[in-house]
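**Student:** I have a structure I would like to understand better, so I am pasting it below and will then ask my questions one at a time.
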Amino acid sequence: MKIKKIVFKNRNWNISGNLHLPDNFDETKQYTTIVCVHPGSSVKEQTAGLYAQKLADQGFIALAYDASFQGESDGEPRYLEDPITRVEDIRCAVDYLTTLDFVDKDSIGILGICAGGGYAAHAAMTERRIKAVATVVGTNASRAFRESNYLETLEAVSAQRTAEANGKEPMIVNWTPNSVEEAKKAGMDEFDMLGAIDYYRTPRGEYPTSNNKLLFTSMSNLILFDAFHLAEFLLTQPLLVIVGDKVGAFGSYRDGFDLYNKAASKNKKMHIVKEASHYNLYDQPKAMSEALKNLIPFFKENLSEK
């Protein structure tokens, strides 16, 4: 398997990606291609890249990339998590793929993981070049953030913007606590945070460009954005939703059913991976293998191949 480093544009800045190519890749042929969208705080070398590798093993081309303002991608201010720009990243990724002769332009699908699942579903509603949509523990980030003390958070964001307008440095916070003890002090769900800490903050999943930094003023964007808004009208493509049955407070299980029930697609499937938590489905072999046993036939059945 080959990985080709690529760059494409979102507006006037560069997005850094890895194009995962199958064995015996032949640039004179055309391939079904999957855009792999990473979670919030993640980068292309983590779970999105793992799934991209596995898809390439099965003959697909798969593109994993760093979101704007994060990882190796450009864009200012750094560490901004802007849902609208995350969705535009996806459209720009599809733009880029259509310029490649070896990509079948009528056979592009998308796979989103965690917050990337919400962004993938939202993008597909208006990006009709995406012909099939799959999510693995996909979340609606706005729902998750609205279940916190959202009015207090918005007051704090407003105060911080005033401070920054008057010369203060931007506030950068952690996406994931540094320890379970820190999560408990913040009143966070231990089950979910233990999984996040074990993935992002240990050698299991950490990566140098995934630096656990979030621009605090991003919170107003995250609270407002509804990833599944108008899915009952616009999300008509074939849809596969995968969740684990170990349910924490984070909400991907609920969000998975919410997306499945709302989507207008007449061809939609739900798969629940037994004994799998949210973060098991990021990289753990047993859970990931079961997810792929559903993802691979889903994409093969719903995306034409030449």
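**Student:** Of all the residues that make up the range 143-184, how many are closer than 18 Å to PHE250 by Cβ, among the charged types (D, E, K, R) and either in contact with a Ser or Thr (Cβ under 9 Å, 6 or more places away or on another chain) or without any contact (Cβ under 8 Å) to a residue 24 or more places away in the chain (or both)?
**Tutor:** 2
**Student:** With respect to LYS168, determine if the residue is under 15 Å from THR217 (Cα atoms) and open to solvent by 70 Å² or more (accessible area, probe 1.4 Å). I'd like the intermediate steps shown before the answer.
**Tutor:** Numbers: under 15 Å from THR217 (Cα atoms): yes; open to solvent by 70 Å² or more (accessible area, probe 1.4 Å): yes.
Yes: the conditions hold for LYS168.
**Student:** Another question, if that's okay. Filtering the range 31-69 down to residues that are surrounded by fewer than 19 Cβ atoms within 10 Å (Cβ to Cβ) and more than 17 Å from the chain's Cα centre (by Cα), which residue is nearest to LYS213 (Cα to Cα)?
**Tutor:** ASP57
**Student:** In the range 195-208, what residues are of a type outside the set (Gly, Ala, Ser) and either in a helix (DSSP H, G or I) or within 16 Å of the chain's Cα centre (by Cα) (or both)?
**Tutor:** Of all residues in the range 195-208, those of a type outside the set (Gly, Ala, Ser) come to 197-204, 206-208.
Scanning the range 195-208 gives ILE197, ASP198, TYR199, TYR200.
**Student:** Still on this structure: Under 6 Å by Cβ, and 6 or more places apart or on different chains, what pairs join a residue from the range 268-282 that is over 20 Å from PRO238 (Cβ atoms) and touching a residue at least 40 places away in the same chain (Cβ under 8 Å) with one that is aliphatic (A, V, I, L, M) and in a strand (DSSP E or B)?
**Tutor:** LEU281/VAL136
**Student:** Among the residues of the range 70-82, is there at least one that is under 13 Å from THR33 (Cα atoms), surrounded by 18 or more Cβ atoms within 10 Å (Cβ to Cβ), at pLDDT 95 or above and out of contact with any His (no Cβ under 6 Å at 6 or more places or on another chain)?
**Tutor:** Filtering the range 70-82 down to residues under 13 Å from THR33 (Cα atoms) leaves none.
Checked the range 70-82: no residue is under 13 Å from THR33 (Cα atoms), surrounded by 18 or more Cβ atoms within 10 Å (Cβ to Cβ), at pLDDT 95 or above and out of contact with any His (no Cβ under 6 Å at 6 or more places or on another chain).
**Student:** Give me a count of the residues in the range 101-159 that are open to solvent by 10 Å² or more (accessible area, probe 1.4 Å) and polar (S, T, N, Q).
**Tutor:** 5
**Student:** OK, next. Please enumerate the residues belonging to the range 1-29 that are open to solvent by 10 Å² or more (accessible area, probe 1.4 Å), assigned to a loop (DSSP other than H, G, I, E, B) and not charged (D, E, K, R).
**Tutor:** Within the range 1-29, MET1, ASN12, ASN24, PHE25, THR28 meet the criteria.
The values are calculated or read from the model by the stated rules, or taken from the named source; none is laboratory data. Just so it is clear, the structure is predicted and the values come from calculations on it, not from any experiment. Here the Cβ is made from the backbone with ideal geometry for all residues, glycine too, and neighbour counts use every protein chain on show. In case anyone asks, the SASA skips ligands and DNA or RNA and just uses the protein heavy atoms, side chains included. Shrake-Rupley method; radii C 1.70, N 1.55, O 1.52, S 1.80 Å.
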